[in-house]
Amino acid sequence: MIKRIFAMALGVGLWAVFPSFAAIYQFSTEVDNTITTGDISITLDEYELDDYNNLIPYRDGKVVMPGQIVSKIVRITNESEPAWIRAKAEFMSKDGIDGLGVNMLDVVNGWIYRSGYYYYTQPVDTGKDIIFFRQVQVPSTWDVSYSEKGFSIDVTAQAVQAVQFEPDFESDDPWFGIPIETCIHTDHELYQAGRNSEFAVVFENGSEGFIKIGDDFFKDFGAMMPGETMEDSFILGNQFFQTIGIGFRTEIPDGQSAEALKLLSDLILTITRGDEILYSGPLHADALKGGIMLAPSMKKGMEQTITYSIYMPEELQNASAMQQAKVRWIFSTEYTRTSGGGGGGSRDRDPNPPDTENRSNVPGPEADSASETPGPAIQDMISIAEAINQAIHNTLPKTGDESIRVGVFLTAMFASGSGILLLRSRSRKHKGGQKE
């Protein structure tokens with residue numbers, strides 16, 4: 001038996017395990033949302049009719065006679081959100097005039113009297129006005145003893161939101177004893193909500209990342225009022241060929257007032273996917289900053305409807321009115337791409353790639369994985385192996401009656417940027433078809 005062992009030998013058979021490289025790709029998109037709260041504000045004006053029946057501002061200091069009907073028109077205008085309105089007329093006299101009372105007022109239709117107040121029985125829309133009374137009738141029973149005496153009428157109007165509030169006009173207290181605060185705003189910019197906007201967040205492909213539809217997911221919300229819940233939804237989708245998970249978190253933009261930040265902490269956000277509640281809690285919360293998973297596993301072509309609602313607690317009062325608070329919604333995903341592994345190129349190729357005609361300059365997984373040529377490091381390794389093979393082949397003996405079979409195993413291991421190359425071979429001599 002003749003046995004030759006070579007320290008380095010490379011034969012005709014070559015099997016190589018090339019290194020694989022993996023990279024984690026992360027993508028995100030942002031949507032800045034603005035939540036707006038409304039306000040309740042009314043104005044009260046007094047007018048009279050002149051001799052030509054024209055409406056003019058009311059003039060105080062009139063001299064009246066018993067039984068006279070005095071033109072005095074009290075008009076209440078709603079300057080802000082829809083509201084219920086009530087009014088009270090108080091008669092006062094420094095001269096001790098008796099018999100003064102609301103029976104002297106010509107109150108128009110639509111009001112009912114309950115426990116000192118007149119309540120208007122219909123909500124008043126934004127920008128609309130209503131008339132409380134038009135005339136004051138001096139009692140005809142007054143005689144000369146009332147001469148040189150005077151009286152005044154002090155009219156007060158109050159309003160409460162129409163949203164999430166329904167008075168009980170059969171009760172002596174139709175507004176249930178609700179406390180009435182003074183309006184703290186003089187100017188009102190009415191917020192106009194959008195109508196039936198479409199919102200979506202779709203992961204399109206590995207290079208373009210997310211495609212979003214809609215720049216403010218709260219734009220269909222009107223101005224929120226205490227006790228009100230606003231609800232909407234958006235489509236969450238994946239058009240990338242890999243299965244991905246899509247997460248969600250929030251950020252609070254800088255530069256907001258303390259009142260706005262408090263409002264964000266008071267508002268309650270609820271996010272649901274189907275019947276599953278993914279989050280329910282303050283709009284400004286650490287849990288949302290840390291992030292939640294909206295869809296842990298979305299295959300290509302999958303879409304899900306995510307519903308979100310915002311509730312403004314009914315105990316919030318005028319300090320929360322006329323606020324604009326901002327919150328940033330961030331959607332994110334990540335996936336792993338591998339390349340190499342003996343075949344060269346990328347392993348995250350779409351098994352059913354789209355038509356790439358005229359897309360040679362478009363970045364993306366298709367472009368990244370178009371080449372099957374091994375990387376430079378692998379090519380250098382192959383070149384070295386081929387050179388060693390040729391050198392050893394030239395030194396092998398040529399006997400004419402024997403054949404040499406050489407098995408070669410090439411393993412490449414990479415760690416911390418360095419390489420170890422192990423070459424090993426065995427040869428056996430065959431003669432006459434019998435091993436020796």
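No lab work stands behind these numbers, since they all come straight from the coordinates. In this text the structure is predicted, and so the values were computed from the model without any measurement. Cβ atoms come from the backbone with ideal geometry, glycine included; neighbour counts cover every protein chain shown.
Go through LYS128/LYS149; LYS219/LYS262; LYS94/LYS128; LYS72/LYS94; LYS219/LYS299 and tell me which ones have a Cα-Cα distance over 27 Å in this structure.
LYS128/LYS149; LYS94/LYS128; LYS219/LYS299
Rounded, prolate or oblate, given the Cα gyration tensor of the stretch 144-286, with a/c below 1.5 counting as rounded?
Here the stretch 144-286 falls in the prolate category.
Give the value in nm², to one decimal: projected area of the alpha carbon convex hull of the stretch 92-134, averaged over all directions.
4.4
Arranged from highest to lowest average of other beta-carbon atoms within 10 Å per residue, in what order do the peptides 32-40, 126-134 appear?
32-40, 126-134
Which whole-number value in Å³ per residue fits the convex hull of the alpha carbons of the stretch 245-341?
Considering the Cα atoms of the stretch 245-341, their hull volume per residue is 132 Å³.
Scan around MET322 for amide H atoms under 5 Å from its own, H built in the peptide plane at 1.01 Å from N, and keep only partners 5 or more places away or cross-chain.
THR37, GLY38, ASP39
Could you rank the peptides 137-148, 73-84, 52-63 by their average count of other C-beta atoms within 10 Å per residue, with the highest value first?
Highest to lowest by the protection proxy: 73-84, 137-148, 52-63.
Taking the Cβ of ALA83 as the center, what net charge do the other residues with Cβ under 11 Å away carry, scoring Lys and Arg +1 and Asp and Glu -1?
Charge balance in the 11 Å sphere: -2.
Could you state the per residue volume, in Å³, of the convex hull enclosing the Cα atoms of the stretch 75-182?
126
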